[in-house]
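Note sheet for the following structure.
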Amino acid sequence: MITPFQRAWVVTCRGTPEEALSLRTDWPVPQKLEPGEVLVKVEAGALNPAGWKMMRMMPNFVFPRPHVAEFDFAGTIANANGTELFEGDAVYGFIPVEITQKTRQGALAEYIRIPEDYVVPRSTNLTAIEASGLAAASQTAYQAIYVQGQLSPGQIVFINGGSSAVGAFVIQLAKGIGAKVVATASAKNEVFVRKMGADEFIDYTKLDLAKYLVEHAPSPKFNLIFDAVGLIDPSLYTHSEAYLQCGGIFITSGPLPKNTSAEIWTLLKTVVALVTPAILGGTRRKYECVAL
Ligand SMILES: NC(=O)c1ccc[n+]([C@@H]2O[C@H](COP(=O)([O-])OP(=O)(O)OC[C@H]3O[C@@H](n4cnc5c(N)ncnc54)[C@H](OP(=O)(O)O)[C@@H]3O)[C@@H](O)[C@H]2O)c1
């Protein structure tokens, strides 16, 4: 028996999670499903940096509040609604931002109404908690490497933040393609990053990364740079002509400041670096944000 109301962590205003989140017990359970939608009973929801960044940054007219927090989830099908799934199937998936904007749903609730395209069956060797962390990070990595980066076998890719959730997927996908991978992390994560498949490792805490890469540029230069950290400082990009091939691409997971007042000037430097034409000293390399 599905109750008409559910518990949900709801984003009520712009601010930090502490300021913005409220545990509601009267959030409505979706009653009516459109064709192609399923109802998922949530077992686990994951926290993602995108969640708190949007909570803090996005104005109400872009991201209407109140809405339920977060995007990644795992659970079981509560209503298959005539789709190819069955009641009780173990699944995981994610809620795209545009669905939250439209329906105010999020992962930190007991039930989610979602098109079946955003849900995949979960194998028995994955717990709900493990599976809830997979969808957005792996899709971001796929989008960066396959769709925007179009990495090919034999190419060489530099991944900043190889120990991050997105970075670890990027390493595995790049190795699967047959590319050579150079990745950064701090020393405590070297074993993990190499286990993911990195051929070369750089401890970013011990050096000025852009300066190091200028001095140790590979030959041939990188075909693709993926900044999985979303650095606010633009120097890894602005120095990239020295180590990224002409025709190569610099992709970032998205430079959103953690602390708006302290980092806004650094972010402005990034904006200036991106809009300055080459004739006025701008960087002659393509720069893109990964777009899910
Ligand atoms: N997760 C997603 O689904 C997703 C989707 C789209 C965009 N993003 C964006 O991608 C970025 C990373 O997200 P995530 O979830 O993958 O993060 P995460 O799993 O929390 O990873 C953070 C890791 O980044 C590494 N790091 C921090 N500063 C670094 C630096 N200056 N240079 C190199 N590595 C550094 C640290 O590695 P060490 O501990 O080894 O130092 C840290 O453990 C965020 O900006 C996020 O908004 C994430």
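Could you tell me which residue out of 197, 136, 156 lies farthest along the dipole of the chain toward its positive end? Charges go on the beta carbon: Lys and Arg +1, Asp and Glu -1, centred on the Cα centre.
In the chain, that residue is 156.
Return the single residue from 225, 264, 159 with maximal mean-square fluctuation; model: Gaussian network over the chain, springs between Cα atoms under 10 Å.
Of 225, 264, 159, the most mobile in the Gaussian network model is 264.
Taking θ = phi - 60°, what integer Hz values does the Karplus form 6.51 cos²θ - 1.76 cosθ + 1.60 yield along region 69-82, in sequence order, with x for Gly and Pro?
7, 6, 10, 8, 8, 9, x, 10, 6, 9, 8, 7, 6, x
Karplus couplings for region 166-180 from phi (6.51 cos²θ - 1.76 cosθ + 1.60, θ = phi - 60°), rounded to Hz, Gly and Pro as x?
5, x, 5, 5, 4, 4, 5, 5, 5, 5, x, 6, x, 8, 8
FRET efficiency for residue 80 and residue 126, Cβ-Cβ distance as r, R0 = 22 Å, nearest 0.05?
0.60
Over region 1-41, give the accessible area per residue in Å² for a 1.4 Å probe, as an integer.
In whole numbers, region 1-41 has 65 Å² accessible per residue.
Which Rg and Dmax, in Å, describe the Cα atoms of region 136-289?
My reading of the Cα-based Rg and Dmax gives 14.6, 43 Å.
Can you give the net charge of the other residues whose Cβ lies under 15 Å from the Cβ of residue 188, counting K and R as +1 and D and E as -1?
Values: positive: 194, 195, 206; negative: 190, 203.
It works out to a net charge of +1.
Taking the Cβ-Cβ separation of residue 5 and residue 264 as r and a Förster radius of 35 Å, what is the calculated FRET efficiency to the nearest 0.05?
Values: r = 40 Å, r/R0 = 1.16.
Efficiency for this residue pair is about 0.30.
Report, to the nearest whole %, how much of the accessible area of the chain belongs to carbon and sulfur atoms, 1.4 Å probe, protein only.
Heavy-atom surface of the chain belonging to carbon and sulfur, 1.4 Å probe: 57 percent.
Quick check for the chain: number of Lys pairs with alpha-carbon distance under 13 Å, counting only pairs 8 or more apart or on different chains?
Count of close lysine pairs: 4.
What ³J(HN,Hα) values, in whole Hz, does the Karplus curve 6.51 cos²θ - 1.76 cosθ + 1.60 give for region 200-216 when θ = phi - 60°, with x put for Gly and Pro?
Working through the residues one at a time gives 10, 10, 10, 7, 5, 6, 9, 8, 8, 4, 4, 4, 4, 5, 4, 6, 10 Hz.
Given H placed on each backbone N at 1.01 Å, which residues far from residue 252 in sequence or on other chains put an amide H within less than 5 Å of it?
Close amide H contacts, sequence-distant or interchain: 227, 288, 289, 290.
Based on the Cβ-Cβ distance from residue 205 to residue 284, what FRET efficiency comes out when R0 is 41 Å, to the nearest 0.05?
Approximately 0.85, to the nearest 0.05.
If every alpha-carbon in the chain counts as one equal scatterer, what log10 I(q)/I(0) does Debye give at q = 0.09, 0.10, 0.11 1/Å?
-0.50, -0.61, -0.73
Quick one: net charge around residue 132, please, counting Lys, Arg +1 and Asp, Glu -1 for every other residue with C-beta under 10 Å from its C-beta.
On the way: positive: 122; negative: 43, 70, 72, 130.
Once all neighbours under 10 Å are counted, the net charge is -3.
Would you mind estimating how fast region 209-268 diffuses translationally, via Stokes-Einstein at 10 °C and 1.306 mPa s with the Kirkwood radius over Cα pairs, in µm²/s?
Approximately 129 µm²/s, per Stokes-Einstein.
The values are calculated or read from the model by the stated rules, or taken from the named source; none is laboratory data. Bear in mind the structure is a predicted one, so any value in this text is a computation, not a measurement. Cβ atoms come from the backbone with ideal geometry, glycine included; neighbour counts cover every protein chain shown. Accessible surface is based on the protein model in full, side chains and every heavy atom, while ligands, DNA and RNA are left aside. Shrake-Rupley method; radii C 1.70, N 1.55, O 1.52, S 1.80 Å.
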